[in-house]
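*Asks:* One structure coming up, written as structure tokens, with questions to follow.
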Amino acid sequence: MAQKNQCEKCKGLCCRYVALPIEKPTEKSDYEDIRWYLCHENITVFVEKGDWYINVKNKCRHLSPKDYRCLNYENRPNICRKYRHEDCDFVDGEYDYELHFTDDKQMEEYIKIKFDNNVREKGKLTKKKSKK
């Protein structure tokens, strides 16, 4: 019953973006690359279960604007066929993102915190070693 009710309210949310895994950044230059992604419209980056993803907000060409049904249902890609009702974007609740960046300014701030704080800590450690 919940599935039927949920499908009746469907707006095709899962058909309005593409989320692709990206390599986990390790160096400042990797984070700068991600900041560049975020300078573009309709791009977000999120981390879920330790994995990094780029999210491109872009509607599937087969999504009906009238009733949000798939116009290519019989010939839909495997990823659509494997999509489970439990994973539906319409299910109540928040995404369980560890991190979610919606623009370049957020990433710039994250880079400052992540790397500038480390530089200061390394500087303190170096000074302590040189005193000995």
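*Asks:* What FRET efficiency comes out for E27 versus N78 if R0 is 41 angstrom and r is the Cβ-Cβ distance? Round to the nearest 0.05.
*Replies:* 0.70
*Asks:* Assuming R0 = 30 Å, can you tell me the calculated FRET efficiency for the pair A19 and R61, based on Cβ-Cβ distance, to the nearest 0.05? Could you put the intermediate results ahead of the total?
*Replies:* Values: r = 18 Å, r/R0 = 0.59.
The calculated FRET efficiency here is 0.95.
*Asks:* How much length is gained on full extension from D96 to R69, taking 0.36 nm per residue of separation minus their Cα-Cα distance?
*Replies:* Numbers: separation 27, 0.36 × 27 = 9.72 nm, distance 2.68 nm.
Fully extending the segment from D96 to R69 adds 7.0 nm.
*Asks:* A further question on this structure: Read phi for every residue in segment 19-25 and hand back ³J(HN,Hα) as whole Hz from Karplus 6.51 cos²θ - 1.76 cosθ + 1.60, θ = phi - 60°, with x for Gly and Pro.
*Replies:* Residue by residue, segment 19-25 yields 10, 10, x, 10, 5, 5, x Hz.
*Asks:* Another question, then. Leaving out ligands, DNA and RNA, and with a 1.4 Å probe, what % of the accessible surface on segment 1-93 is carbon or sulfur? Don't jump to the answer; show the numbers that get you there.
*Replies:* Numbers: 3680 of 7250 Å².
That fraction is 51 percent.
*Asks:* What does the accessible area per residue of segment 1-53 come to in Å², with a 1.4 Å probe and no ligands, DNA or RNA counted? Could you put the intermediate results ahead of the total?
*Replies:* Details: 3750 Å² over 53 residues.
Spelled out: the 1.4 Å probe surface of segment 1-53, per residue, equals 71 Å².
*Asks:* Calculate the spin-label point distance for D89 paired with W36, positioning each point 7 Å from the Cα along the beta-carbon direction, and give it in nanometres.
*Replies:* A separation of 2.7 nm, rounded to one decimal place.
*Asks:* Quick check: pseudo-label points 7 Å beyond the Cα along Cα→Cβ at D103 and Q6, how many nm apart are they?
*Replies:* The two pseudo-label positions are separated by 3.3 nm.
The values are calculated or read from the model by the stated rules, or taken from the named source; none is laboratory data. If you're wondering where the values come from, they're calculated on a predicted model, not measured in any experiment. Backbone-built Cβ (ideal geometry, glycine too); neighbour counts: all protein chains shown. Accessible surface areas use protein heavy atoms only, side chains included; no ligands, DNA or RNA. Shrake-Rupley method; radii C 1.70, N 1.55, O 1.52, S 1.80 Å.
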